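Following: one structure in C-alpha cells, then a few remarks.
What follows is calculated from the coordinates using simple rules that are stated; it is not laboratory data. The shown structure was predicted, so the numbers you read here are calculated from the model rather than taken from an experiment. Here the Cβ positions follow ideal geometry from the backbone for every residue, glycine too, while neighbour counts run over all protein chains shown.
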Amino acid sequence: MWASIDSDNNVTELYTRPTAITYGDVNYPQNVMSSWTNDELATIKVYPVVEDTTNYKDPSYYINTNETFTYYDSVSVNGGTYTNTVVGVYGTATPQSLDDTTDANGMVTLGLKSNAITTQNQQAYSLLEPSDWYVVRKSENGTAIPSDWDTWRESIRTTYQQQVVAINACTTVPEFQVLFTPVGDPPVAPLPQFPPSPS
C-alpha cells in the first residue's frame, strides 16, 4: 500500500495497488509504484504505508475502527524502524455484544452467544441428518437402531447441550473467544467437540 501526501505532510490519497498518478504536470504510469525505489517515489510525494496492528482485533468478536494515516520522518512500528513512511493506526476496538440487543424500534440484533448456538445447532443437525433413516426405519417397522449409531446420535445431542452451557456461561468477549480458539498439538478449541460417527 502507498499514500500521497501534500506539502503539509497530510495524507491525501491511499493506493491499495499500483495506480497511475499525476504529480505536478506529469502523469506517471501505475508501474512506478512497484518498480521505483522508495526514495524515487518520495520525489513525487508517494510513500509506503505500514499498518500498525497493535489495536486490531479479530473482527469475528470485535468492531475495529477505521484506520487513521499519518506521515512520519522516522517511526517505530511492529518492532521495526521506518523512515519517510505513512503509518495506518487503528483505534481501540469495541467488543461485540455477547447478548441479543433490541433497539428503540423493536429490532433485535443477535449477539455472539445466539449466533454461536445457532451455528452449533446447525452442525449437530448436519451430523445427525445422514443417519436419520435409522430413526425412520425404527418408527415404520420397529427395526432397532444399531447400538453404536444410537449411542453416537445421543452423544451428538449431549455435546450440543454442553456447548450451549459453555457458551452461555461466558461473561466477557475474551472468555467467549477462548472457547473457539484452538490450542495444543493437534490444535483443538476448548468448546466441547462433536465425536466422529461410527465407521
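Of all residues in region 75-95, count the ones that are part of a loop (DSSP other than H, G, I, E, B) and surrounded by 17 or more Cβ atoms within 10 Å (Cβ to Cβ). Let's see the steps before the verdict.
Here is the first cut: in region 75-95, the residues part of a loop (DSSP other than H, G, I, E, B) are 78-79, 91-93.
Adding the requirement that they be surrounded by 17 or more Cβ atoms within 10 Å (Cβ to Cβ) leaves 93.
Final tally of qualifying residues: 1.
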Are there any pairs with C-beta distances below 8 angstrom linking a residue in region 171-186 that is of a type in the set (Ser, Thr, Tyr) to a residue that is not in a loop (DSSP other than H, G, I, E, B), with the two at least 6 apart or on different chains, and if so which?
THR172/PRO95
Out of (1) among the aliphatic types (A, V, I, L, M); (2) closer than 30 Å to THR94 by Cβ; (3) in contact (Cβ under 8 Å) with a residue 24 or more places away in the chain, what's the single condition that is false for ILE156?
(2)
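One line per residue, one yes/no per condition, for (1) closer than 15 Å to TYR61 by Cβ; (2) of a type in the set (Phe, Trp, Tyr); (3) surrounded by fewer than 16 Cβ atoms within 10 Å (Cβ to Cβ):
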| position | (1), (2), (3) |
| --- | --- |
| ALA104 | no, no, yes |
| VAL136 | no, no, yes |
| THR172 | yes, no, yes |
| VAL178 | yes, no, yes |
| PRO186 | no, no, yes |
| LEU191 | yes, no, no |
| PRO198 | no, no, yes |
Please indicate, with yes or no, whether at least one residue in region 134-146 is closer than 19 Å to PHE194 by Cβ, in a helix (DSSP H, G or I) and in contact with a Phe, Trp or Tyr (Cβ under 8 Å, 6 or more places away or on another chain).
yes
Elements of type strands (runs of 3 or more DSSP E) in region 1-74, at least 3 residues being touching a Gly at 6+ places or on another chain (Cβ under 9 Å) and surrounded by 13 or more Cβ atoms within 10 Å (Cβ to Cβ)
46-52
